[in-house]
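Structure, as structure tokens:
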Amino acid sequence: MEDRHSCLSSFTIRAMSIALFFALYCLEAGLFFIVVPWTHLWTMNPLLQTAPSLAVLAANPFLRGFVSGFGVIHILIGINDLVRIGHARRAVRE
């Protein structure tokens with residue numbers, strides 16, 4: 001019985017670790033997508049320097065806002081996952 005419990009515990013720890021890494025990735029990617037479109041890194045991108053029409057499109061505030069909104073969605077997903085992980089940890093303890 002103890003062997004089965006330790007295997008189940010190992011699986012839960014592994015599953016929660018993967019979920020935690022995914023939540024942290026979403027938070028980091030979200031912060032990146034919110035900040036970068038409004039910095040010089042966005043406009044001085046070498047890929048944009050080779051295609052002037054693409055540079056004009058990338059300078060459009062609506063596109064920058066869209067990318068920032070994409071970042072907000074990533075942050076919300078990350079926060080939701082962290083809350084879900086917290087509830088799951090409490091349920092495992094009880």
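Quick note: the coordinates plus some simple rules give every number you see, no bench work behind them. It should be emphasised that the depicted structure is a prediction, and the values quoted were computed from it without experimental measurement. Virtual Cβ from ideal backbone geometry, glycine too; neighbours counted across all protein chains shown.
So here's what we get for this one:
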read-out	value
ARG93, ARG14 arranged by Cβ crowding within 10 Å, fewest neighbours leading	ARG93, ARG14
Most fluctuating residue given options GLY69, GLY78, GLY30, as computed from a GNM of the chain linking Cα atoms under 10 Å	GLY69
Length gained when the stretch LEU20-MET44 is fully extended (0.36 nm per residue, less Cα-Cα span)	5.3 nm
Angle in degrees between helix 61-93 and the longest Cα principal axis of the chain, rounded to the nearest 10	10 degrees
Correct option for mean projected area of the Cα convex hull in nm² [calculated from the coordinates] among [x] 7.8; [y] 12.1; [z] 9.7	[x]
Packing-based exposure ordering (other Cβ within 10 Å, fewest first) of SER68, SER53, SER17	SER53, SER17, SER68
Between helix 2-35 and the chain: long-axis angle, C-alpha atoms, 0 to 90°, nearest 10	20 degrees
